[in-house]
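This report refers to the structure that appears directly beneath it.
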Amino acid sequence: MSREPAAVPLDAFALDPTVVHANHGSFGACPRAVLDAQTAARARLEAGTMRWFVLEYLPALDAARDAAATFVGADPDGFVFVPNATHGVATVLANLRLSAGDELLTTDHAYRACRNALDRTAGAAGAHVVVAPIALPARDPAAPIAAVLERVTPRTRLVLVDHVTSPTALVLDVGVLARALPAHAPLCVDGAHAPGMLDLGVGALGATYYAGNFHKWTCAPKGAGFLWVAADRRDGFRPLVTSHGSTLPDGSRTRFRLEHDWTGTHDPTPYLTVPAAISTVAALGGGWPRVRAHNRALARVLRDDLADALGAGPIDLTTGATAASMAALAVTLPAGADHLAVERALLERGVEVPIVSHPGSPWPLVRVSAHLYNQRDDAARLAAALTALGVRGMRIP
Ligand SMILES: Cc1ncc(COP(=O)(O)O)c(C=O)c1O
């Protein structure tokens, strides 16, 4: 196996060099320069908290919002920062007015936390969660979209679909879905992985809601997510937490901004550091198109090398759809071992990679991620650790 260097030295990031980092997808990783920018922002805030929150917070937030919204192709007037994608999806669900018998539609590859939120929202209203299955291996990008559309009924009140599925790393064609859905079934895209991984045009997709994260593939500090709401749904769309914004005079700011931009005192420096993350990662990787292409290609190389070493079959969409910067492989676990125990044993050996057990997959999966600091050799180190723990590849039909 060739030992090609990473596109960017590991020490540009605050990562432990003794560890195999193959799980950028779950929690991201920050370049040191981004953490330095956050520290500087926090120092300005802490130097005079009243001055900062009264005079500087909103202009700083607006500037960060403009850069972040431009990066994801969203209109800043419909864009608010939230701590994470889970929060964004929960906000959308809290704004639904459901009646008994209504339906919330999703797929069996939905992120488990957001599926839990759907169940809770539906349960409180006597509504139902309807689940469209996405068959694996998924070789036809039209099939998942057709599976969702087949389950739309006159009672569908929301469709929640991941842009990049968390357990299986499929990129779903959410634009095609948005255009095909009837008006009574608005689409909420859970784009937790998309910013920085995909060339995003949130506003042009045709979705009604889009939730995403900057702390994954854009490499912003943890706690930097966003929610975008289409223009015709912004009036009366409330945050999860009610604060001063609901009674402040609206003046030059819309009620939507007044309410969502202040939900109580918190540390806003993850949001304010998003522009630094966008420019830092672009500078490290030679521009965002190159960063995305590098990560996509390396994820496939890691997956293929790992598949060769373990004798496993890849499960991603292989035709048409854009590939992700993550890829999943079907594996068998040692008899009696559960996936969390294997994951923990890997962590104890200095290997960070998720072992996925999810209703959307008939097999346990290993999901590998690739970002600028990864190198091809990571696959061999991963394969050695998995093999030592008795994890074997699985050939799927
Ligand atoms: C599809 C999807 N949605 C939501 C999330 C949750 O992200 P966060 O924990 O930042 O809210 C994830 C995290 O991996 C995800 O993959």
Legend entry - Matching residues, the stretch 88-102, being buried (at least 21 other Cβ atoms within 10 Å of the Cβ) and over 11 Å from residue 118 (Cα atoms): 88, 91
Legend entry - Search result, residues across the stretch 269-295 that are among the basic types (Lys, Arg) and either touching a helix residue (DSSP H, G or I) at 6+ places or on another chain (Cβ under 8 Å) or in contact (Cβ under 8 Å) with a residue 60 or more places away in the chain (or both): 292
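Kindly establish whether residue 34 is more than 16 Å from the ligand (Cβ to nearest atom), in a helix (DSSP H, G or I) and under 30 Å from residue 305 (Cβ atoms). Steps first, please.
Working: more than 16 Å from the ligand (Cβ to nearest atom): yes; in a helix (DSSP H, G or I): yes; under 30 Å from residue 305 (Cβ atoms): yes.
For residue 34, the condition - more than 16 Å from the ligand (Cβ to nearest atom), in a helix (DSSP H, G or I) and under 30 Å from residue 305 (Cβ atoms) - is met.
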Legend entry - Single match in 32, 51 (criterion: over 30 Å from residue 376 (Cβ atoms) and modelled with pLDDT of 95 or more): 51
Inset, instruction - Mind listing whichever residues of the stretch 79-107 are within 11 Å of the ligand (Cβ to nearest atom) and assigned to a helix (DSSP H, G or I)? - result: 85, 86, 87, 88, 89, 90
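Yes/no per residue for (1) among the aromatic types (Phe, Trp, Tyr); (2) surrounded by fewer than 21 Cβ atoms within 10 Å (Cβ to Cβ); (3) without any contact (Cβ under 8 Å) to a residue 24 or more places away in the chain:
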site	(1), (2), (3)
26	no, yes, no
47	no, yes, yes
53	yes, yes, no
61	no, yes, no
Inset, instruction - Test residue 260 against the criterion of being outside the structural domain of residue 355 (by TED's automatic domain parsing), within 16 Å of the ligand (Cβ to nearest atom), within 17 Å of residue 69 (Cα to Cα) and not polar (S, T, N, Q), and give yes or no. - result: no
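Filter the stretch 162-221 for residues that are of a type in the set (S, T, N, Q) and more than 10 Å from the ligand (Cβ to nearest atom) and give the result.
Of the stretch 162-221, the ones of a type in the set (S, T, N, Q) are 165-166, 168, 208, 213, 218.
Listed by number, the residues that qualify are 168, 208, 218.
Condition check ((1) outside any helix (DSSP H, G or I); (2) in contact with a Phe, Trp or Tyr (Cβ under 9 Å, 6 or more places away or on another chain); (3) surrounded by fewer than 18 Cβ atoms within 10 Å (Cβ to Cβ)) across all residues:
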residue	(1), (2), (3)
298	no, no, no
301	no, no, no
304	no, no, yes
308	no, no, yes
323	yes, no, no
327	yes, no, no
335	yes, no, yes
342	no, no, no
346	no, no, no
Inset, instruction - Return yes when residue 122 is without any contact (Cβ under 8 Å) to a residue 60 or more places away in the chain, within 20 Å of residue 360 (Cβ to Cβ), more than 13 Å from the ligand (Cβ to nearest atom) and in a helix (DSSP H, G or I) and no when it is not. - result: yes
Inset, instruction - Of all residues in the stretch 62-78, count the ones that are more than 22 Å from residue 28 (Cα to Cα) and either within 16 Å of the ligand (Cβ to nearest atom) or part of a helix (DSSP H, G or I) (or both). - result: 6
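Out of all the residues in the stretch 144-160, is one or more of a type in the set (A, V, I, L, M), closer than 26 Å to residue 353 by Cβ and either within 17 Å of the chain's Cα centre (by Cα) or surrounded by fewer than 21 Cβ atoms within 10 Å (Cβ to Cβ) (or both)?
First, pick out the residues of the stretch 144-160 that are of a type in the set (A, V, I, L, M): 145-149, 152, 158-160.
Now drop any that are not closer than 26 Å to residue 353 by Cβ, which leaves none.
Within the stretch 144-160, none of the residues are of a type in the set (A, V, I, L, M), closer than 26 Å to residue 353 by Cβ and either within 17 Å of the chain's Cα centre (by Cα) or surrounded by fewer than 21 Cβ atoms within 10 Å (Cβ to Cβ) (or both).
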Inset, instruction - With the checklist (1) part of a helix (DSSP H, G or I); (2) more than 20 Å from the chain's Cα centre (by Cα) in hand, flag the one item residue 18 doesn't pass. - result: (1)
Legend entry - Number of the exception - residue 280 against (1) surrounded by fewer than 24 Cβ atoms within 10 Å (Cβ to Cβ); (2) within 22 Å of the chain's Cα centre (by Cα); (3) among the β-branched types (Val, Ile, Thr); (4) within 20 Å of residue 136 (Cβ to Cβ): (4)
Legend entry - In the stretch 222-238, the residues that are surrounded by fewer than 24 Cβ atoms within 10 Å (Cβ to Cβ) and within 16 Å of the ligand (Cβ to nearest atom): 222, 223
Inset, instruction - Could you tell me whether any residue of the stretch 295-306 is under 20 Å from residue 194 (Cα atoms), over 21 Å from the mean Cα position of the chain (by Cα) and not hydrophobic (A, V, I, L, M, F, W, C)? - result: no
Inset, instruction - Could you grab the pairs with beta carbons closer than 6 Å, sequence gap of 6+ or different chains, first residue in the stretch 77-88 and modelled with pLDDT of 95 or more, second one part of a helix (DSSP H, G or I) and not hydroxyl-bearing (Ser, Thr, Tyr)? - result: 79/65; 79/69; 80/260; 82/88; 86/113
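The values are calculated or read from the model by the stated rules, or taken from the named source; none is laboratory data. No experiment lies behind these values; they were computed from the predicted model shown. Heads up, the Cβs are rebuilt from the backbone with ideal geometry, glycines too, and the neighbour counts pull from every protein chain shown.
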